[in-house]
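Working notes, structure below.
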Amino acid sequence: MTVIVLLAAWQLLADTNIANKAFSSSPRLVWLSLVDYFKPGGTGWGDLAVSGKEFLYGFGISVGVGVPVGLLMGWYRIIDAVSNPVLIFLNIAPRIAIAPLFVIWFGIGTASKVWVVVISAIVPIITSARAGVVTLERSLVAMSRSYGSSDLRVLRTVVLPAAVPAISSGMRLGIGQAWLGVVLAEYIASTKGLGFVVVTSAANLNTDRLFVEVVVISALGLLATTIVARVEKYMDRWRTS
């Protein structure tokens, strides 16, 4: 209901010229631009495929690498001591300065953009997985060890299930960072993709298309977050079984 009221107010402001359509657009103009963008012969589906592939590859690598690294950092002090400075550097270093390096190293193709997404999304995933282990109730570990469990078995049967909520939170944060990485990567070196259209629309003051890209990227982020929530529910059943 709140969304409908806000959209109606936005349209009213545009229709009465209280808000300049050239800078604020309107829901109707955004809708027309969305239809035009995804019509047959439009560039919408192609841009969606390009950016979607970069996001899926980059986010998949971030989860596949970030979760194990975070768990190991939280479990082994030596790994944490060695890896933590790198993690801090990645968190602090400006992406806008690092992204051109990947273009130089990997070219202007998909690979450079995927690695920009990885460098953007992997930090919150590692940090959250590590926090899930560090905050674990040590009595659970002690009880498992009392039955002669090895480190690997403790990690699999105690640590990983207990860290699921933290890992899920990290993945949710990583989704937003991954899409920021997509936009940044396509801003640096690209001629297609959702991020490229964001940049060109802003440069040309095409606010209608700019809002379309914001809506599309937000919808994709919401979809990815919903999938993560479903996975979390499945993992909750697994860890309580």
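Residue by residue through region 98-157, note down the ones that are at pLDDT below 80, charged (D, E, K, R) and open to solvent by 60 Å² or more (accessible area, probe 1.4 Å).
Glu137, Arg138, Arg145, Arg153, Arg156
Do we find that Arg95 is at pLDDT below 90 and out of contact with any helix residue (DSSP H, G or I) (no Cβ under 8 Å at 6 or more places or on another chain) in this structure? Talk me through it step by step, then tell me what you get.
Values: at pLDDT below 90: yes; out of contact with any helix residue (DSSP H, G or I) (no Cβ under 8 Å at 6 or more places or on another chain): no.
In short, no.
Scan region 82-107 for residues that are under 21 Å from the mean Cα position of the chain (by Cα) and outside any helix (DSSP H, G or I) and jot them down.
Ala93, Pro94
Note down all Cβ pairs under 7 Å where the first residue falls in region 222-241 and is closer than 18 Å to Gly174 by Cβ, the second is modelled with pLDDT under 85, and they're at least six residues apart or on different chains.
Hits for this filter: Glu232/Val164; Met235/Val164.
One residue is enough: does region 39-52 have a residue meeting the conditions touching a helix residue (DSSP H, G or I) at 6+ places or on another chain (Cβ under 6 Å), part of a helix (DSSP H, G or I) and either among the acidic types (Asp, Glu) or open to solvent by 60 Å² or more (accessible area, probe 1.4 Å) (or both)?
Yes, region 39-52 contains a residue that is touching a helix residue (DSSP H, G or I) at 6+ places or on another chain (Cβ under 6 Å), part of a helix (DSSP H, G or I) and either among the acidic types (Asp, Glu) or open to solvent by 60 Å² or more (accessible area, probe 1.4 Å) (or both).
Would you call Ala93 open to solvent by less than 20 Å² (accessible area, probe 1.4 Å) and farther than 24 Å from Ala219 by Cβ?
Spelling it out, Ala93 is indeed open to solvent by less than 20 Å² (accessible area, probe 1.4 Å) and farther than 24 Å from Ala219 by Cβ.
Yes or no, residue by residue, for (1) touching a His at 6+ places or on another chain (Cβ under 6 Å); (2) within 30 Å of Gly170 (Cα to Cα); (3) touching a residue at least 12 places away in the same chain (Cβ under 8 Å):
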{"site": "Ile4", "(1), (2), (3)": "no, no, no"}
{"site": "Leu29", "(1), (2), (3)": "no, no, yes"}
{"site": "Thr43", "(1), (2), (3)": "no, no, yes"}
{"site": "Gly58", "(1), (2), (3)": "no, yes, yes"}
{"site": "Ser62", "(1), (2), (3)": "no, yes, yes"}
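The values are calculated or read from the model by the stated rules, or taken from the named source; none is laboratory data. Note that the structure is a prediction, hence the values are computed from the model and not measured. Methodologically, a virtual Cβ is constructed for each residue, glycine included, from the backbone with ideal geometry; neighbour enumeration extends over all protein chains shown. What goes into the accessible areas is simple: the full protein's heavy atoms, side chains included, and nothing from ligands, DNA or RNA. Shrake-Rupley method; radii C 1.70, N 1.55, O 1.52, S 1.80 Å.
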